[in-house]
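The values are calculated or read from the model by the stated rules, or taken from the named source; none is laboratory data. Please read all numbers here as calculations on a predicted model, not as lab measurements. Using ideal geometry, Cβ is built from the backbone for each residue, glycine included, and neighbour counts are taken over all protein chains shown. These accessible areas exclude ligands, DNA and RNA; they are computed on the full protein's heavy atoms, side chains included. Shrake-Rupley method; radii C 1.70, N 1.55, O 1.52, S 1.80 Å.
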Amino acid sequence: MANTSPTPNDAGAPLIVAQGVRKHYGSIHAVDGVDLDIRSGELFGLIGHNGAGKSTLFKMMLGLIPATSGDIRIDGARVTGRDFRAVRRTVGYLPENVVLYDNLTGLETLWFFARLKGVSPKEAGPTLERVGLAHAAKRRVREYSKGMRQRLGFAQALLGKPRILFLDEPTTGLDPEAIRGFYTTLRQLRSEGVTTVITSHILAEIQERVDRIAIMTAGKVQACGTVQDLREQVDLPLWFSVRVAKEDFEMVRTALSDLQVDAIEAHDDHVKVRCRREAKMAVIEALARLGDRVHDLTVREPSLEDVFFGFSD
Amino acid sequence: MEIAQIATIAGKEFWDRIRNRWVLAVALVFTAFALVIAYFGAAQQGSVGFRSIDLTIASLVSLVIYLIPLIALVLGFDAIVGERERGSLDLLLSMPITRLELLLGKYLGLAAALTFSTVAGFGLVAIMLSPRLDLNALYHYFGFMLSSVLLGCAFLSLAVMLSVFAADRTRASGLAIATWFFFVLVFDLLLLGALVVTGGQWGGDALPYLLLANPADVFRILNIFSLDDVRTLYGLATVFPSSLADPWLLGLVMLAWIVLPLGIASWRFRK
């Protein structure tokens, strides 16, 4: 599937490859035959309902739980078995609802994880600074707010300059400013070549920020591609909002009469037009012919949420 | 296996117990009990003051046999299940660490905390009593301290095993209490009951070996230095034949009680 969004590694080679991955718990098929290529340097989103299998797939990619069948490789190496330590040293992970140790300070928390990752504890200070927690470095985690804990969790994932980040609902508990700061950091990391796999329930938040998305339902990947690819695949209607004077409503209706338009609704100062994607350019041309009788024109593409429900319903 | 990973986990567990004053509290409890027993152990007989090291150790053994298993089980019952229930286990396991390293790190850190408390608590009393003790008595007291450490480590190993098997902390605590009841209260009664009911027909010859199946009994046997005036304090352990009462052999049995539950825990944790 072509990646049309401009990434620094547009032609990035597959870095994380899942082939025929299944995880069955008795009769429950948590993950049921997933094939996925995540490319080097891309920001990849994984979305789905609760219980769709995202977290299970995440845990299998990290080698935390074994797959019932199938194969997962990071940069050609298996995530479990002999290579696991080398693979883990290249990976940063932020679990959903990260839980850290209340009795440690922020700095001590990072020292602890730095030692486990075989990283110099000297990285702790600058990493705390990067996530905006330098001021709270010597405060105990029990005094941290939920957002601060989340940022500290993100900081531990960044220790050791990982090549790959797995972030499970990373913006939970963050305020809008912190969310913006978080994505700014992700963009910086992407420009440094870091590959990020992210899950989020807040689809509006990630739709403009990720390079590609996979939609999971019932343990399967229903679709994978850029947001635009997915819009085209699911073929949802577009909405035009055409601002015209009230007396020109009929003129709009006439101009579009020969086109494949699903619906035209008149509102106070504008007309709403619904059409299929293939009629989009014809509608724009017809409206352009009306000249300055049209005061304004807005096209609303289906949101990621619309696309998501288009695939999952 | 990477020793550095084990040391990192163990270091955190140990310092956590130092910082939250767990080590200090347990050491003080041991010191206080040991002092009370040494000086007031004979109060019921109408006298106070230090009598003999054999009597003191015998009294301490009957106290420690209840206390140390309980403390060890409370210390270790949530080692793994606690991390799992809090939600911090996945993050730990996403590090470049094996499950065995994590388990050993947890165990060794907790064992170090328990050992430190035991040695500091009873060691302080040894220092206070030292003017009244000869070399032989000190040797016996040292043996008592060492066996107490082994007893703690054996029950800690059982606790860590339970913490791997239990589905949640509540069940783990229930299992820990049941384990304490079984080994400390019920086990000897069962053996004794079987012996009495069968009129000594069943278990007579096997009894000494069956005692080895309980680390608390092994601890008791390890501490029989004199049978003359204290045998009533040791209960069933006095039936143990002296040929089997080699401290090295018993030490090995204690070691098995440490290694075996940890081995089972590791097998289960990997699944």
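Take the stretch B:90-100 and flag every residue that is more than 7 Å from chain A (Cβ to nearest Cβ), open to solvent by 10 Å² or more (accessible area, probe 1.4 Å) and either out of contact with any Ser or Thr (no Cβ under 6 Å at 6 or more places or on another chain) or among the β-branched types (Val, Ile, Thr) (or both).
Pass one, the stretch B:90-100, residues more than 7 Å from chain A (Cβ to nearest Cβ): B:92, B:98-100.
If we keep only those that are open to solvent by 10 Å² or more (accessible area, probe 1.4 Å) too, we end up with B:98-100.
Matches in the stretch B:90-100: B:THR98, B:ARG99.
Restricting attention to the stretch A:184-204, which residues are surrounded by fewer than 18 Cβ atoms within 10 Å (Cβ to Cβ) and not in a loop (DSSP other than H, G, I, E, B)? Answer for the stretch A:184-204, where residues must be surrounded by fewer than 18 Cβ atoms within 10 Å (Cβ to Cβ) and not in a loop (DSSP other than H, G, I, E, B): A:THR184, A:THR185, A:ARG187, A:GLN188, A:SER191, A:ALA204.
Would you confirm, using the coordinates I've provided, whether A:ALA124 is buried (at least 22 other Cβ atoms within 10 Å of the Cβ) and either within 11 Å of chain B (Cβ to nearest Cβ) or part of a helix (DSSP H, G or I) (or both)? When the stated conditions are applied, A:ALA124 passes them.
Restricting the stretch B:255-271 to residues that are charged (D, E, K, R) and assigned to a helix (DSSP H, G or I) leaves a set whose member that is surrounded by the most Cβ atoms within 10 Å (Cβ to Cβ) is B:ARG268. The residues on offer are B:PHE14, B:PHE33, and the sole one that is modelled with pLDDT under 95, part of a helix (DSSP H, G or I) and open to solvent by 10 Å² or more (accessible area, probe 1.4 Å) is B:PHE33. Of the residues that make up the stretch B:131-151, is at least one among the small types (Gly, Ala, Ser) and either crowded, with 22+ Cβ neighbours inside 10 Å or modelled with pLDDT of 95 or more (or both)? Within the stretch B:131-151, one or more residues are among the small types (Gly, Ala, Ser) and either crowded, with 22+ Cβ neighbours inside 10 Å or modelled with pLDDT of 95 or more (or both). Could you check the stretch A:237-261 and list, in sequence order, the residues that are open to solvent by less than 70 Å² (accessible area, probe 1.4 Å) and under 26 Å from A:SER303 (Cα atoms)? A:PRO237, A:LEU238, A:TRP239, A:PHE240, A:SER241, A:VAL242, A:VAL244, A:VAL252, A:LEU256, A:LEU259, A:VAL261 - these are the residues of the stretch A:237-261 that are open to solvent by less than 70 Å² (accessible area, probe 1.4 Å) and under 26 Å from A:SER303 (Cα atoms).
Pairing residues of the stretch A:170-187 that are in the same structural domain as A:LYS54 (by TED's automatic domain parsing) and more than 21 Å from A:ILE47 (Cα to Cα) with residues that are assigned to a loop (DSSP other than H, G, I, E, B) and among the aromatic types (Phe, Trp, Tyr), at Cβ distances under 7 Å and at least 6 apart in sequence or on separate chains, gives no pairs at all.
Within the stretch B:217-226, the presence of at least one residue that is open to solvent by 70 Å² or more (accessible area, probe 1.4 Å) and at pLDDT below 90 is confirmed.
Filtering B:LEU103, B:LEU67, B:LEU35 for residues that are away from chain A (no Cβ under 14 Å) and farther than 26 Å from B:GLY143 by Cβ leaves a single hit, B:LEU103.
Please verify whether A:LYS138 is modelled with pLDDT of 95 or more, loosely packed, with under 14 Cβ neighbours inside 10 Å and not polar (S, T, N, Q), treating the condition exactly as stated.
Against the criterion (modelled with pLDDT of 95 or more, loosely packed, with under 14 Cβ neighbours inside 10 Å and not polar (S, T, N, Q)), A:LYS138 qualifies.
If you take the residues in the stretch A:277-313 that are charged (D, E, K, R), open to solvent by 70 Å² or more (accessible area, probe 1.4 Å) and in contact (Cβ under 8 Å) with a residue 40 or more places away in the chain, which one is farthest from A:ALA214 (Cα to Cα)? Going through the qualifying residues, I end up with A:ARG293.
Please go through the stretch A:106-119 and give me each residue that is touching a Phe, Trp or Tyr at 6+ places or on another chain (Cβ under 9 Å) and open to solvent by 20 Å² or more (accessible area, probe 1.4 Å), ordered by number.
Hits for the stretch A:106-119 are A:GLU108, A:VAL119.
Of the residues making up the stretch A:143-153, just one is within 12 Å of chain B (Cβ to nearest Cβ) and either open to solvent by 10 Å² or more (accessible area, probe 1.4 Å) or more than 19 Å from A:GLY125 (Cβ to Cβ) (or both), namely A:ARG149.
When the stretch A:79-120 is filtered for residues that are facing chain B (nearest Cβ under 10 Å), assigned to a helix (DSSP H, G or I) and of a type in the set (A, V, I, L, M, F, W, C), the ones remaining, listed by number, are A:PHE84, A:ALA86, A:VAL87, A:TRP111, A:PHE112, A:PHE113, A:ALA114, A:LEU116. Of the residues B:LEU185, B:LEU151, B:LEU124, B:LEU129, the single one that is within 13 Å of the chain's Cα centre (by Cα) and assigned to a helix (DSSP H, G or I) is B:LEU151. All told, B:VAL125 falls short of being modelled with pLDDT of 95 or more and either among the aliphatic types (A, V, I, L, M) or open to solvent by 70 Å² or more (accessible area, probe 1.4 Å) (or both).
Of the residues making up the stretch A:20-63, just one is of a type outside the set (S, T, N, Q), surrounded by fewer than 21 Cβ atoms within 10 Å (Cβ to Cβ) and in contact with a Leu (Cβ under 7 Å, 6 or more places away or on another chain), namely A:ARG39.
When you look at B:SER117, is it closer than 17 Å to B:LEU35 by Cα and modelled with pLDDT of 95 or more, yes or no? Criteria met by B:SER117.
Considering the conditions (1) away from chain A (no Cβ under 14 Å); (2) free of Cβ contacts under 8 Å to residues at least 40 places away in the same chain; (3) surrounded by fewer than 17 Cβ atoms within 10 Å (Cβ to Cβ), B:GLY41 is excluded by exactly one of them, (3). When restricted to residues that are touching a Leu at 6+ places or on another chain (Cβ under 8 Å) and over 20 Å from A:LEU304 (Cα atoms), the stretch A:188-200 contains 4.
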